[in-house]
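Scroll down for the structure; my scribbles are underneath it.
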Amino acid sequence: MSYDSYCSQGSCRSSQWRHDLHKWTCSSETKTPEDLCIRRFMWDWLYRRGIVLEHQQQLPIMHRIFEFDDIIYAVLQHVKSSGTDLVNVAMTCSRLADSALNILWSEQSSLVPLIACLPQDTWEVRENGLGAILHFSRDPTPIEWERLRVNASRVRRLVGPNGFTDALKLPRGEIFISGLDVSHDVLQRLFFWSRPATLFPNLCELNFDAVFYFPEDDSSKSWLLRQFISPGLQALRFDVTGIPPHESEQLLATLHAEAHGLRQLIVSADGGNMALTVPPSFGKLPKLIGLAIFGIDVCLTRQTIANIQQARCLQSLKLKLFGTSCDAGGIPLKLPSLKTLHLSGGSLPQCTHFLRQVTTPQLSHIDIRYSGAASPAEMTAFIESLSTSCQTVGCLERVHVVDESEMPDSRVIIPLSSEIFRPLFKFNRLLSVKFIGVGNFNLDDGLLYDVPVAWPSIRELKLTSWKRRAIYSVTFTAMMSLASRCRSLQTLHLTVDATQSTTIPRAPDGTEELWPTQTALHDLHLGYSKVSEVARIPYFLAEYQRYQH
């Protein structure tokens, strides 16, 4: 039981508690340096509260091991998830206070905690139609401002209410509920007292939503954003909504001069509902490895790609596409270091149009999310473009394609045959293949029999019609063969025809061999399959469970 648990029961100083803690601190079960550090810290922490263990009588109050900051930080990693615990550590002794407070303040989702660290009579909370807003009730004194400045200097990440992520939308089913915000007046007075770059000297990650969220007043948005940009900034996310187009273009064009240390950049307009212009100056960001732009006009993609191409170290690219695809001539442009590509927004032909204009020799992950039904011919064209764009077949490890249409017409049949997907067999190091909701899979058993040979290391395979009508084409026997031969397969989602007797795999001596080589599979989804008793599915699943245990 933890110390806090004992405190809640009023038995903190009981002999039973001393006995339990004495047993733990004297235990020989764990002897790692971190364990010893934690025990030494606990001894000192308890000693200062008048709780002395039997074997602690002769120990010094503070061991010399805590003279090293890296050891202190290693120990504090065990309590960093609890703000209360970090505060308690900071109050234990001055030697630990600085490190504990650095961790406590290192990541913030808004400016509210900073303002709230001022004396309570300096601020007040008022309700308006949008929620609770924090206002100043009086001007802080210079000494009170200094307290805020010290805490602000510890902040390294301002991540916004949803954290720092390159996701355009919240995860499915997640709804953000607004909390306490600071007023526009508080922002003005705070940054009049100290410029943002001076107030946050150690800031390396900024989601501007953590600072500015006033859709009714965007006049100061561009100015304030520029004040936060500094050479030490490594990750930046902002939306240009409300900023005049010429100012947003100027801001993007000068990032290389004002934030040359950027490694990750995420930019959107109107939450991803408007197109942006990509300046060629991105190539002057020498450390940029992650770029997300919501959105891009596909009619201008060649010029856009040419500008993105200037970022020679770029490893991750996420784009939301707009407009109507148009033919583009010329030699495909090379993105030499790109490893992850995510395209979303429009139709599948728009994604195909983009892929035809690039070559990606190092690409390992591709994620396509589109809306609107794609015909078999369009799916074939997409897979062909993938084959030509990813020229190094041994690099590609993940192919995810999802039709995100909210209400697809279930009456429309999009038959997707095995021949459409066979070109993917050339990528022999694929670990994850997902085609979800893209059509009505009309596969044959031969495709499943060939998967273990083509993708020997496959871990995840999902071929599901999702909201579309299923076609029962592959047999349960073929699925059993696939599952038992792919030794690394962990997740398998298929719709099968299990109305016929199942042919059981057999060992060379003729005995049934269901799952003896399969130990990785833990997620088997056969939703919407046709099933009859002759297939003996319960028997095979029971045998699978037996081999798993």
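The values are calculated or read from the model by the stated rules, or taken from the named source; none is laboratory data. Values in this document were obtained by computation on a predicted structure and should not be read as measured data. A quick note on method: Cβ atoms are made from the backbone with ideal geometry, for glycine too, and the neighbour counts reach across all protein chains shown. For accessibility, only protein heavy atoms count, side chains too; no ligands or nucleic acids. Shrake-Rupley method; radii C 1.70, N 1.55, O 1.52, S 1.80 Å.
One table, with the values for the structure above:
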| item | result |
| --- | --- |
| Positions within segment 194-207 being surrounded by 15 or more Cβ atoms within 10 Å (Cβ to Cβ) and not in a loop (DSSP other than H, G, I, E, B), in sequence order | Pro196, Ala197, Leu199, Glu205, Leu206, Asn207 |
| Leading residue by the ranking (nearest to Arg154 (Cα to Cα)) among those in segment 93-118 that are part of a loop (DSSP other than H, G, I, E, B) and of a type in the set (Ser, Thr, Tyr) | Ser106 |
| Test: residue in segment 427-446 that is of a type outside the set (Gly, Ala, Ser), without any contact (Cβ under 8 Å) to a residue 60 or more places away in the chain, open to solvent by less than 30 Å² (accessible area, probe 1.4 Å) and touching a Gly at 6+ places or on another chain (Cβ under 9 Å) | yes |
| Residue within segment 461-474 that is part of a loop (DSSP other than H, G, I, E, B), open to solvent by 30 Å² or more (accessible area, probe 1.4 Å) and over 20 Å from Gly527 (Cβ atoms) present | no |
| Tabulated pairs, segment 388-405, first under 14 Å from Ile436 (Cα atoms) and at pLDDT 90 or above, second aromatic (Phe, Trp, Tyr) and outside any loop (DSSP other than H, G, I, E, B), C-beta under 6 angstrom, 6+ apart or interchain | Val401/Phe435 |
| Lone qualifier among Ser94, Ser106 - being open to solvent by 60 Å² or more (accessible area, probe 1.4 Å), out of contact with any Phe, Trp or Tyr (no Cβ under 9 Å at 6 or more places or on another chain) and either more than 15 Å from Asp185 (Cα to Cα) or aliphatic (A, V, I, L, M) (or both) | Ser94 |
| Meets criteria (surrounded by fewer than 18 Cβ atoms within 10 Å (Cβ to Cβ) and at pLDDT below 95) for Pro415 | yes |
| Residue that is modelled with the highest pLDDT, among those in segment 208-237 that are open to solvent by 60 Å² or more (accessible area, probe 1.4 Å) and part of a helix (DSSP H, G or I) | Arg226 |
| Output for segment 403-427, where each listed residue is farther than 30 Å from Lys334 by Cβ and part of a loop (DSSP other than H, G, I, E, B) | Ser405, Glu406, Met407, Pro408, Asp409, Ser410, Arg411, Val412, Ile413, Ile414 |
| The lone exception for Ser316 - which of (1) surrounded by fewer than 16 Cβ atoms within 10 Å (Cβ to Cβ); (2) at pLDDT 90 or above it fails | (1) |
| Matching residues in segment 375-402 - criterion: being in a helix (DSSP H, G or I) and either out of contact with any strand residue (DSSP E or B) (no Cβ under 8 Å at 6 or more places or on another chain) or not aliphatic (A, V, I, L, M) (or both) | Pro376, Ala377, Glu378, Thr380, Ala381, Phe382, Ile383, Glu384, Ser385, Ser387, Thr388, Ser389 |
| From the options Thr241, Thr254, residue that is in contact with a helix residue (DSSP H, G or I) (Cβ under 7 Å, 6 or more places away or on another chain), of a type in the set (S, T, N, Q) and either farther than 20 Å from Ser110 by Cα or at pLDDT below 90 (or both) | Thr241 |
| Flag if Gly346 is touching a Leu at 6+ places or on another chain (Cβ under 7 Å), touching a residue at least 40 places away in the same chain (Cβ under 8 Å), in a loop (DSSP other than H, G, I, E, B) and farther than 22 Å from Gly261 by Cβ | yes |
| Some residue of segment 308-326 being over 29 Å from Leu430 (Cα atoms), in a loop (DSSP other than H, G, I, E, B) and not polar (S, T, N, Q) | yes |
| For Ser281: the one exception among (1) open to solvent by less than 30 Å² (accessible area, probe 1.4 Å); (2) of a type in the set (S, T, N, Q); (3) over 15 Å from Thr304 (Cα atoms) | (3) |
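Conditions (1) modelled with pLDDT of 80 or more; (2) part of a loop (DSSP other than H, G, I, E, B), marked per residue:
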| position | (1), (2) |
| --- | --- |
| Thr495 | yes, yes |
| Thr503 | no, yes |
| Asp509 | no, yes |
| Leu514 | no, yes |
| Val534 | no, no |
| Pro538 | no, no |
| Leu541 | no, no |
